[in-house]
Amino acid sequence: MTSPNAISQARSANPLGTLTVIPWTIGPHENASITPFLMVYSLGDGRDGPEAGEAAMRAALEGMGLQIGGEVADGTRRPGVHLLVEARQAVLTLPFMKVQCPVPAEWEAAAKEGEQVYLIVPTKPWPEAVPGETVTEARLKTFVADGEVVRGAAHMMLPVRRIQG
């Protein structure tokens, strides 16, 4: 179980509405280690409603040069995209947002070990997963594995940056 974190709490002039980020891990599997994931999604509460928010998210992602429903993009080739992982925090910067998100110790260790994180940004809003409320593994899996969500999302592998002491 995990809890989503809001990037912007209030509805604003932004058609994206409240953006939220949630971390989780999958694995380990037979020949693979634990994979850390981050998902950025909208609650669909933007000024013009969920449909306009979905279109705005699509435009923001395509503006970054990402394919919706396409192959997994290489985050090292995206200007304005950064992921810093340190002290059980992930700081994600995309051209349209920046967020600092607490992450579990297992997630941080997997991110540092593998030196990358799988980012999913669906265009479809997820209004049921509100910040501060626990999202069970089953609810998360149901949303993330939904065919419409997968086909309507951008996928990217982000390199993990660390503070150099």
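The values are calculated or read from the model by the stated rules, or taken from the named source; none is laboratory data. For clarity, every value in this text was computed on a predicted model and none was experimentally measured. As a convention, Cβ positions derive from the backbone with ideal geometry for all residues, glycine included, and neighbour counts pool all protein chains shown. Quick note on the areas: whole protein, heavy atoms, side chains included, nothing else; ligands and nucleic acids left out. Shrake-Rupley method; radii C 1.70, N 1.55, O 1.52, S 1.80 Å.
The residue list GLY69, GLY65, GLY53 contains one member that is modelled with pLDDT of 90 or more, in a helix (DSSP H, G or I), open to solvent by less than 60 Å² (accessible area, probe 1.4 Å) and out of contact with any His (no Cβ under 6 Å at 6 or more places or on another chain), which is GLY53. Scanning for something modelled with pLDDT under 95 and outside any strand (DSSP E or B), does segment 116-123 turn up at least one residue? Checking segment 116-123: not a single residue is modelled with pLDDT under 95 and outside any strand (DSSP E or B). Examine segment 73-92 for a residue that is assigned to a loop (DSSP other than H, G, I, E, B), in contact with a Lys or Arg (Cβ under 7 Å, 6 or more places away or on another chain) and surrounded by 14 or more Cβ atoms within 10 Å (Cβ to Cβ), and state whether such a residue exists. No, there is no match, as no residue in segment 73-92 is assigned to a loop (DSSP other than H, G, I, E, B), in contact with a Lys or Arg (Cβ under 7 Å, 6 or more places away or on another chain) and surrounded by 14 or more Cβ atoms within 10 Å (Cβ to Cβ). Only residues that are open to solvent by 70 Å² or more (accessible area, probe 1.4 Å) and farther than 17 Å from TRP107 by Cβ were counted across segment 146-162, and they come to 2.
Checked against the criteria, ALA129 does not count as surrounded by 14 or more Cβ atoms within 10 Å (Cβ to Cβ), under 16 Å from the mean Cα position of the chain (by Cα) and part of a strand (DSSP E or B).
Residue-level check: of (1) assigned to a strand (DSSP E or B); (2) open to solvent by less than 10 Å² (accessible area, probe 1.4 Å), GLY46 misses just (1). Of the residues examined, LYS141 is not one that is within 20 Å of GLY17 (Cβ to Cβ) and open to solvent by 10 Å² or more (accessible area, probe 1.4 Å).
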